[in-house]
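In what follows, a structure is listed as structure tokens, so that the remarks can point back to it.
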Amino acid sequence: MSAPDSKAASTDEALLRREIRERVSRLVRSRLQQEAVAFLPGSSPIPYAGRVYDEAEVIAAVEASLDFWLTLGPYGDAFTELLAKRVGVRYAILTNSGSSANLLAVAALTSPKLARPLRPGDEVITLAAGFPTTVNPLVHYGLIPVFVDVLPRTYGADPDVVREAIGPRTRAIMMAHTLGNPFELDAIQELCRRHELYLIEDNCDALGSRYRGRWTGTFGDLATQSFYPPHHITMGEGGAVLTSSGKLKMLVESFRDWGRDCWCAPGKANTCGKRFDWQLGDLPKGYDHKYIYSHRGYNLKPTDLQAAIGLAQLGKLDQFVAARRRHWQVLHDACAPLEEFLELAEPTPHSEPSWFGFALVVKEGAPFTREALVRRLEARQIQTRMLFGGNLLKQPAYRDVPHRIVGELRQTDRVLEQGCWVGVYPGLSAAQLQYLADALVEETRRLAMNGVASREAL
């Protein structure tokens, strides 16, 4: 039997792939047209977030599945290279979630390969108001979280309180840019330099935010991203660790890839040129470097299919960020006359947030509560969200966690008891956004009038 004509086979595959792309494109366009039903105020839901996509993402996923590269591969390489370039760091390391990215960032700083590794009992300053997985890795590695309050309106840490929180065991600061609003990076960076502290930016809610013209995620020793569907771009489940340190890149990859010492990419071998010449630990000299483990690691990699989706999304990041800023401003302008009752979020000085949501706190003395406002909005099919865990120390999971508190957590408790937020994601139509803005104004005024009337009746 003669060998098949490889050129003909290649041509056939190219034609089939083109046909598949065309059919997938038609299918997705048809589906999106069917889903784009007329908005019915009060009946159609207004989600706080969601995936925003077109045929490009689905075609990318199909193309990757046709290649059948089941682990990270060419799309992963392309995505990490472009992501790092866009953000302004040397390296991006993909992982399976933003929570895993936080875990890997902390894990990397515990490596004995560092001159100053984090050790159990060391303290890390963080926010009491936030998402649990900013704090969980600290607890996991026996570190002591030192909780500080957030500032009103910006939801970042007060640098003066952070300065007060630094003690003899403080080794790092790990904080999120809450809802996309950068914390005061000038002051926090200076404290880190002066006291030789590591800085981890939880940038999961803030891709595209800028501080003094520079993207967040570039200020810390490490930064983290999430690509879960509600976030600024999505690859389904997914995340990344960002760094400009070659040393930290290798450590993050080691913890992500089972803890192995070898830095070869999947399917590669002998990148170091001495695969069978190493002698580490108590292993015999020449033990295969691909099976030497310097850390107690995990397997936290995503797939190439996910990376293909992320790559398509990354090309839309600028328009997504612009839409988020535009939507936030519409809601802020609409609610500005309600400052008697509502404390509205504001950008941190010198920042351009890539907003994750529109936050507000019902003021003390207002004749209604956060709960009343949330119930009214939800009744009008508007999704609302709390500021994640509120005060994490009041969550059941943290009841017995060793920790330290510096200052009062007054604003954190205000957020817990009277704060909420609504969505500004790019998928909101003009009609949905206007309905949302009108509902915030109408329900606040209605509750205020009813509350005042009730007080007068007493």
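Among ARG163, ARG210, which is the only one that is among the charged types (D, E, K, R), touching a Ser or Thr at 6+ places or on another chain (Cβ under 8 Å), in the same structural domain as ILE309 (by TED's automatic domain parsing) and surrounded by fewer than 20 Cβ atoms within 10 Å (Cβ to Cβ)? Please lay out each step first, then the result.
Numbers: ARG163 fails: touching a Ser or Thr at 6+ places or on another chain (Cβ under 8 Å).
Exactly one of ARG163, ARG210 is among the charged types (D, E, K, R), touching a Ser or Thr at 6+ places or on another chain (Cβ under 8 Å), in the same structural domain as ILE309 (by TED's automatic domain parsing) and surrounded by fewer than 20 Cβ atoms within 10 Å (Cβ to Cβ), namely ARG210.
Let's see how each residue does on (1) under 24 Å from LEU393 (Cβ atoms); (2) free of Cβ contacts under 8 Å to residues at least 60 places away in the same chain; (3) out of contact with any His (no Cβ under 6 Å at 6 or more places or on another chain):
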position	(1), (2), (3)
LYS85	no, yes, yes
THR95	no, no, yes
GLY98	yes, no, yes
ASN102	yes, no, yes
LEU109	yes, no, yes
LEU114	no, no, yes
ALA129	yes, no, yes
THR134	yes, no, yes
PRO137	yes, yes, yes
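Are there any pairs with C-beta distances below 9 angstrom linking a residue in the stretch 175-204 that is in the same structural domain as TRP328 (by TED's automatic domain parsing) to a residue that is part of a helix (DSSP H, G or I) and acidic (Asp, Glu), with the two at least 6 apart or on different chains, and if so which?
Note: no pairs meet the criteria.
Given the conditions (1) closer than 28 Å to GLU57 by Cβ; (2) in contact with a Cys (Cβ under 8 Å, 6 or more places away or on another chain); (3) part of a loop (DSSP other than H, G, I, E, B); (4) of a type outside the set (Val, Ile, Thr), and given that CYS272 satisfies all but one, which numbered condition is not satisfied?
Unmet for CYS272, out of (1) closer than 28 Å to GLU57 by Cβ; (2) in contact with a Cys (Cβ under 8 Å, 6 or more places away or on another chain); (3) part of a loop (DSSP other than H, G, I, E, B); (4) of a type outside the set (Val, Ile, Thr): (1).
Has the stretch 206-220 got at least one residue that is in contact with a Phe, Trp or Tyr (Cβ under 6 Å, 6 or more places away or on another chain) and at pLDDT 95 or above?
no
Exactly one condition in (1) in the same structural domain as PHE255 (by TED's automatic domain parsing); (2) in a loop (DSSP other than H, G, I, E, B); (3) in contact with a strand residue (DSSP E or B) (Cβ under 9 Å, 6 or more places away or on another chain) is not met by PHE39; state its number.
It is condition (1) that PHE39 fails.
Here is a yes/no grid of residues against (1) surrounded by 15 or more Cβ atoms within 10 Å (Cβ to Cβ); (2) farther than 19 Å from HIS332 by Cβ:
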{"position": "LEU377", "(1), (2)": "yes, no"}
{"position": "ARG385", "(1), (2)": "yes, no"}
{"position": "LEU416", "(1), (2)": "yes, yes"}
{"position": "TYR425", "(1), (2)": "yes, no"}
{"position": "TYR435", "(1), (2)": "yes, no"}
{"position": "THR444", "(1), (2)": "yes, no"}
{"position": "ASN450", "(1), (2)": "no, yes"}
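The values are calculated or read from the model by the stated rules, or taken from the named source; none is laboratory data. Because the structure is a prediction, the values reported are computed rather than measured. Ideal geometry is used to build each Cβ from the backbone, glycine not excepted, and the neighbour counts take in all protein chains shown.
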